[in-house]
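Okay, structure first, notes after.
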Amino acid sequence: MPHSDSIPNIEDTLHSFWGFRSLRDFQKGPVEDLISGRDVIALLPTGGGKSLCFQLPSLVRGGLCIVISPLIALMEDQTNQLKLIGARAAFISGNIGKDGIDRVLENARVGGLEFLYMSPERLKDPMFIARADKLDVRTIAIDEAHCISQWGHDFRPEFRNINTLRLIYPKAAIGAYTATATNEVLLDIATQLGLEKASLHQASMRRPNLSYEVSTWGDTEAEILQFAKSTAIHESGLVYVKTRNEADTWAKRLTAIGLNATSFHAGLKPRVKQKRQRDWISNKIAVMACTSAFGMGIDKPDVRWIIHVGAPANLESYIQESGRAGRDGKPARCLLFQDDQKRVKAEENIKAQFPSRKIICDVYQALANQGRVAIGDTPSEPTEFDLKMTVKTKPYSTAQILSSLKLLDRALLISLKNKKRSKLGRLRWLGGHNRILNENNHPNEVVADWLMRTLTNDSPFNTSAKQIGNELGLAEKAVAMALSALDAQGRIEWSPNPAEYEIAWPTARIAASKVVLPSHIYSDRIKSAEEKWHSMQSYISSEGCRAEYLDGYFNNSNKTHVEKCGVCDDCTWDKNTLKARLSLLIKKSGKQGVDAFTLIRSFSPGHRAGISTLLREQLNKQEIRTKGTTVYRIS
């Protein structure tokens with residue numbers, strides 16, 4: 001139980017580290033409960049000081065706080081912020097190397113740290129396990145806790161490793177925090193973490209300074225560029241897209257209209273990503289065109305607008321991404337643009353996440369064929385899976401094949417791993433060792449002779465045309481052509497581009513026809529994805545207050561806001577007022593008339609579909625006439 005003097009301690013620590021005199025109302029409950037040693041589950045708004053709700057209690061409780069976080073960028077940002085306010089914090093990841101991890105863990109062991117950030121995968125690291133019972137852990141925080149739930153939009157199976165921390169540190173208080181969880185997800189978080197008795201805190205998702213708009217009128221690309229052009233040139237903004245290629249394309253488009261823009265996505269080199277992120281945070285870059293890989297853990301206060309090019313797959317993702325706007329409390333706009341083409345494409349992408357059982361079985365068979373794994377075998381060596389070759393030989397998309405592999409992985413039929421990029425190809429000698437080779441100096445035969453005499457068996461190995469050329473004194477190009485020829489003759493297996501994925505076999509390979517995916521991995525998740533997409537589309541077509549709709553979706557028990565927001569496109573739609581303004585604009589155009597597109601674009605994006613409808617009504621009532629795209633008033 002807490003001591004009576006714990007509240008002043010909270011205030012002293014809050015002021016000493018953060019400079020604040022008091023907590024926000026929705027922060028008080030989670031903070032006081034965790035300090036008291038009670039487990040906590042908290043649903044708090046994005047940008048609402050969620051991390052402070054476990055950082056402050058941890059400093060008051062003393063000892064070490066282990067923070068489980070899903071992204072290195074998130075860990076790095078939070079540890080840097082903690083260091084800036086005088087707290088002792090560090091994170092461990094593969095980026096700092098074994099020596100670096102060893103130094104951080106030793107520092108934690110001797111009491112040199114107050115916060116230790118790590119990913120859930122790191123809990124199985126032998127280096128952590130070796131020191132785990134020597135750490136004075138008094139608080140455990142799980143950031144982005146929705147990742148532990150199979151119903152969460154960012155489900156990460158590795159998050160279920162977190163249960164081991166309760167066994168190692170039974171006296172530690174545990175806090176699970178998220179900004180995007182329905183009641184179903186909150187219940188699943190409690191179940192998965194064994195926190196059924198935890199105190200639950202739910203704050204409204206409402207951010208009064210954010211205005212939400214949805215535009216379904218016109219050409220999406222043209223409308224977004226028109227809006228972006230109308231913004232102040234130095235205003236900070238984000239444009240969320242679906243793919244890496246789209247991020248690069250939109251950065252070029254935005255630059256072409258005079259904005260200082262760049263792109264961000266997972267395909268960029270780490271140094272490039274770090275520089276672009278720093279440049280955007282410091283306002284050297286105004287606008288970032290990005291995929292969902294950008295933004296988590298980045299607390300930039302002055303983002304004035306956020307655009308979504310097409311709807312995300314669910315409202316959880318939308319509210320998390322749009323919540324990165326206006327963290328300074330000043331007005332900010334969240335605009336979602338969707339046309340029919342974008343909607344259909346998004347629906348195709350959702351379907352690709354859950355391929356048919358036939359596709360999944362075919363991919364399983366292709367995997368077995370590539371690894372030459374017979375039914376009943378459990379290979380000790382992993383199988384290298386050539387995704388590009390499979391896409392070429394199968395009538396399925398890359399997304400369908402990757403989704404099939406991930407589903408097979410979740411069903412524990414395989415273990416899927418991304419391979420580190422390598423410039424080496426993979427070669428296997430198939431020509432035997434008793435064959436009499438042609439006695440000539442053709443590069444094909446020189447390479448074949450060297451392979452036969454050098455290799456002791458037919459196991460695959462990694463090499464390159466350049467390496468073999470150096471051994472034989474041949475040009476790299478000549479060796480590359482020789483390897484391709486020998487592969488075509490069936491004397492070797494040669495993959496010049498290394499496989500992107502490595503597959504381990506945790507259980508014996510079964511017949512593809514017997515592959516069955518449990519309902520919680522396949523059919524239940526299909527249903528959940530469809531329901532989430534339906535909710536997203538209902539939000540788009542809603543004629544009521546946008547913020548009220550979002551509040552209702554997350555089923556907050558603490559209904560702080562029951563009134564309409566008053567600032568979204570639906571709340572500000574007044575048909576009579578807007579119709580009068582429309583008529584006035586047409587009247588002012590006089591005999592010259594006004595271009596219909598220019599006329600409609602003089603209204604905010606969220607109102608344009610409605611204005612287009614009003615124009616049609618006036619045309620039908622013969623209050624206006626048109627010639628081409630020019631609109632005239634009928635006197």
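Read the figures in this text as sums done on the coordinates, not as results from a lab. All of these numbers come straight from a predicted model, not from anything done at the bench. Here Cβ is always computed from backbone atoms with ideal geometry, including for glycine, and neighbour counts include all displayed protein chains.
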Take every Cα-Cα pair in the stretch 593-635 and report what % of them are more than 17 Å apart.
-> 26 percent
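Please list the three semi-axes, largest first and in whole Å, of the ellipsoid equivalent to the stretch 125-229, using sqrt of 5 times the eigenvalues of its alpha carbon gyration tensor.
Numbers: eigenvalues 304, 58, 36 Å².
Working from the Cα gyration tensor, I get semi-axes of 39, 17, 13 Å.
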Tell me what the chain gives for mean residue ellipticity at 222 nm when only DSSP H runs of n ≥ 4 count, each as -39,500 (n - 2.57), the sum divided by the residue total, rounded to 500 deg cm²/dmol.
-> -13000 deg cm²/dmol
Say the cut-off is 19 Å between C-alpha atoms; which of Lys98/Lys406; Lys269/Lys394; Lys275/Lys300; Lys242/Lys532 go over it?
-> Lys98/Lys406; Lys269/Lys394
Overall Cα dimensions of the stretch 306-348, principal axis frame, Å, largest first | 37, 17, 9
Relative frequency of Cα-Cα separations exceeding 18 Å in the stretch 87-166, percent | 42 percent
What is the ratio of the Cα radius of gyration of the stretch 340-489 to 2.2 N^0.38 Å, where N is its residue count, to two decimals?
-> 1.34
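Suppose we take every Cα in the stretch 201-299 and form the convex hull; what volume per residue is that in Å³? Could you put the intermediate results ahead of the total?
Values: hull volume 13.7 nm³, N = 99.
Hull volume normalised by residue count: 139 Å³.
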Convex hull over the Cα atoms of the stretch 314-394, averaged projected area in nm²?
-> 9.7 nm²
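Just to confirm a number: summing +1 for Lys and Arg and -1 for Asp and Glu over residues other than Arg244 whose beta-carbon lies under 14 angstrom from that of Arg244, what do you get?
Numbers: positive: Lys242, Lys252, Lys269, Lys273, Arg276; negative: Glu246, Asp248.
Overall, the nearby charge balance is +3.
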Protection proxy ranking, peptides 13-23, 63-73, average beta carbon neighbours within 10 Å, highest first = 63-73, 13-23
Angle between the Cα long axis of helix 6-18 and the longest principal axis of the chain, 0 to 90 degrees, nearest 10?
-> 80 degrees
Going by alpha carbons, how many degrees (0 to 90, nearest 10) lie between the helix axis of 270-281 and the longest principal axis of the chain?
-> 10 degrees
Inter-part gap, Cα centre of the stretch 143-210 to Cα centre of the stretch 478-544, in whole angstrom, is 29 Å
From the phi of every residue in the stretch 187-196, what ³J(HN,Hα) in whole Hz does the Karplus formula 6.51 cos²θ - 1.76 cosθ + 1.60 yield, where θ is phi - 60° and glycine or proline is x?
-> 5, 5, 4, 4, 5, 5, 9, x, 10, 4
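When you count, for each residue, the other Cβ atoms within 10 Å and take the mean per peptide, how do 344-355, 621-632 rank with the highest first? Display every interim value, and only then the final one.
Details: 344-355: 16.0, 621-632: 13.2.
Descending mean neighbour count gives 344-355, 621-632.
Would you kindly calculate the translational diffusion coefficient of the stretch 213-367, applying Stokes-Einstein with the Kirkwood radius from alpha carbon pairs, for 10 °C and a viscosity of 1.306 mPa s, and quote it in µm² s⁻¹ without decimals?
Numbers: Rh = 16.5 Å.
Estimated via Stokes-Einstein, D reaches 96 µm²/s.
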Using only the alpha carbon atoms of the stretch 530-626, find the Kirkwood hydrodynamic radius as the inverse mean reciprocal pair distance, in angstroms to one decimal.
-> 15.6 Å
Quick one: angle between helix 443-454 and the longest Cα principal axis of the chain, in degrees between 0 and 90, rounded to 10, please.
-> 70 degrees
For the stretch 49-205 (alpha-carbon point model, no solvent) the Debye-based log₁₀ I(q)/I(0) at q = 0.14, 0.15 Å⁻¹ works out to -0.65, -0.76
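Once you order the gyration tensor axes a ≥ b ≥ c over the Cα atoms, which shape class does the chain get: rounded for a/c under 1.5, otherwise prolate or oblate by comparing a/b with b/c?
oblate
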Would you kindly calculate the translational diffusion coefficient of the stretch 185-224, applying Stokes-Einstein with the Kirkwood radius from alpha carbon pairs, for 10 °C and a viscosity of 1.306 mPa s, and quote it in µm² s⁻¹ without decimals?
-> 111 µm²/s
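How high is the relative contact order of the stretch 318-462, in percent, counting Cα pairs under 8 Å that sit 6 or more residues apart?
Here the relative contact order equals 19 percent.
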Would you compute, for the Cα atoms of the stretch 13-114, the largest minus smallest coordinate along each principal axis and list the three values in descending order, in whole Å?
-> 43, 27, 26
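May I ask you to work out the translational diffusion coefficient for the stretch 456-584 at 20 °C, viscosity 1.002 mPa s, via Stokes-Einstein with Rh from the Kirkwood sum over Cα pairs, reported in whole µm²/s?
D = 95 µm²/s.
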Compute the Cα gyration tensor for the stretch 357-421, then decide on rounded, prolate or oblate, letting a ≥ b ≥ c be the square roots of its eigenvalues: rounded whenever a/c is under 1.5, prolate when a/b is larger than b/c in the other cases, and oblate in all that remain.
-> rounded
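So what is the relative contact order for the chain, in percent, with contacts set as C-alpha pairs under 8 Å and at least six apart? Working shown, then result.
Numbers: 1044 pairs, mean separation 79.1, N = 635.
Averaging sequence separation for qualifying contacts and normalising by length gives 12 percent for the chain.
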